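Notes follow the structure.
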Amino acid sequence: MIVSRLDCAELHARVDELADLLVDTVDGGASIGFLSPLDRAAALSWWKERAAGVAAGQLGVWVAQDGERVVGTVSLAFPDKPNSSHRAELVKLMVHRDARGQGLGRRLLSVAEEAAAAAGVTLLHLDTETDSLAEGLYRSAGWTRTGVIPDYAANPDGVLRPTSIYFKKLKADALTR
């Protein structure tokens, strides 16, 4: 499995595979902001809209490839305000259902954490559906749950679910973004 960061051109080149991954993730029940069934055209549009953030350096997108096929992704959203340049949000960690159970989620999480530290980020945060499988991954990787917000977001079936908020302190490298 190869994990690499996409630039804007590579994002455009991989948009079909990323859309397929997004549809599979939502169809698999992951609560990542979309309702099921997710229309492939909507998934394509969503990924295409991310290109501007990638080009501006406000969004870092990594993909995991099994051969030529994209089977996972994770992103870091970097704030654009001066008082928050030390932090980033981990967003859209997805692993295709065919590739689960092989440690790929943990690997993508580690890659994002290492990239954040190399960019001078000292604090990461995320939100995830309470009691989801993802919570176990984040806890076992040293993330700290700060609390739960009831009825925060609808799961893919449209049912309102609580969301857990997590953070992780990092030791940043001397590099800056």
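Brief remarks on what is shown
- Here K168, K81, K48 are placed in order of increasing Cβ neighbour count within 10 Å, fewest first, which gives K81, K48, K168.
- Eligible lysines near K92 by straight Cα distance, threshold 16 Å, same-chain separation 8 or greater: K48
- Along the stretch 10-17 the Karplus relation, 6.51 cos²θ - 1.76 cosθ + 1.60 evaluated at θ = phi - 60°, assigns HN-Hα couplings of 5, 4, 4, 5, 9, 4, 5, 5 Hz to successive residues, with x for each Gly and Pro.
- Neighbour counts of other Cβ atoms within 10 Å put E89, E114 in the fewest-to-most order E114, E89.
- Residue (of G28, Y138, W47) at the positive-pole extreme of the chain, dipole from beta-carbon charges: Y138
- Residue-wise HN-Hα coupling along the stretch 149-166, computed from phi with Karplus coefficients 6.51, -1.76, 1.60 (Hz; x: Gly, Pro): 10, x, 6, 6, 8, 7, 6, x, 7, x, 8, 5, 10, x, 10, 9, 9, 10
- The chain: C-alpha gyration tensor shape, a/c 1.5 cut-off, then a/b vs b/c: rounded
Taken together, the values in this text are just the output of simple stated rules run on the coordinates, not laboratory data. As the structure is a computational prediction, the values presented were derived from the model and not from experiment. Note that we place each Cβ from the backbone using ideal geometry, even for glycine, and neighbour counts take in every protein chain shown.
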